[in-house]
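Below is one structure; the comments refer to it alone.
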Amino acid sequence: MIPTQGRVTVDNTDVSIAADGTEYIIPSSDALLSAYDQIAIEAERQRHRGRQIVVVQGLGFVGSAVAAAIAAATDSAGEPKFFVIGIDLPTPNCYW
């Protein structure tokens, strides 16, 4: 039986349950801040390499396709033109 999708608490840890039953731990506030810092550092590194930074808001069907198309764009030397950051709403159904 596949559990209900959404947010549940297992052993005092919030998890997000995917449609196939896979459980993903929802990051703590500290873990999120650390991840944001890592993304900012990488974005700056990519900017110094001459890439434009693009943020795609919403990673449903269309947003994912847009992010993939932008990420696949290359210059005449075959190097990526963009560094793409995808963001979505911080809801339990968005962690998988």
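Since every read-out is calculated from the coordinates, none of them should be taken as a lab result. Since we're looking at a predicted model, the values are computed, not measured.
Just to be sure I understand: with springs between alpha-carbon atoms less than 10 Å apart, which residue in GLY78, GLY21, GLY63 has the highest mean-square fluctuation in the Gaussian network model of the chain? Of the options given, GLY78 has the highest mean-square fluctuation. This structure gives Cα extents along the principal axes in Å, computed directly, and of (1) 44, 25, 22; (2) 41, 23, 22; (3) 51, 28, 18 that value is listed as (3). With the helix formula -39500 (n - 2.57) applied to DSSP H stretches of n ≥ 4, the chain reaches a computed 222 nm mean residue ellipticity of -10500 deg cm²/dmol. Remark: relative contact order (the chain) = 28 percent; criterion is Cα-Cα distance under 8 angstrom and separation of 6 or more residues.
Coupling constants for segment 17-33 follow from the phi torsions by the Karplus curve (6.51 cos²θ - 1.76 cosθ + 1.60, θ = phi - 60°), and in residue order they are 9, 6, 4, 8, x, 5, 9, 10, 5, 7, x, 6, 4, 5, 5, 5, 4 Hz; glycine and proline get x. Close amide H partners of VAL56, meaning residues 5 or more places away or on another chain with modelled amide H under 5 Å apart, are ILE85, GLY86, ILE87. The long axis of helix 61-71 is offset from the longest Cα principal axis of the chain by roughly 30 degrees.
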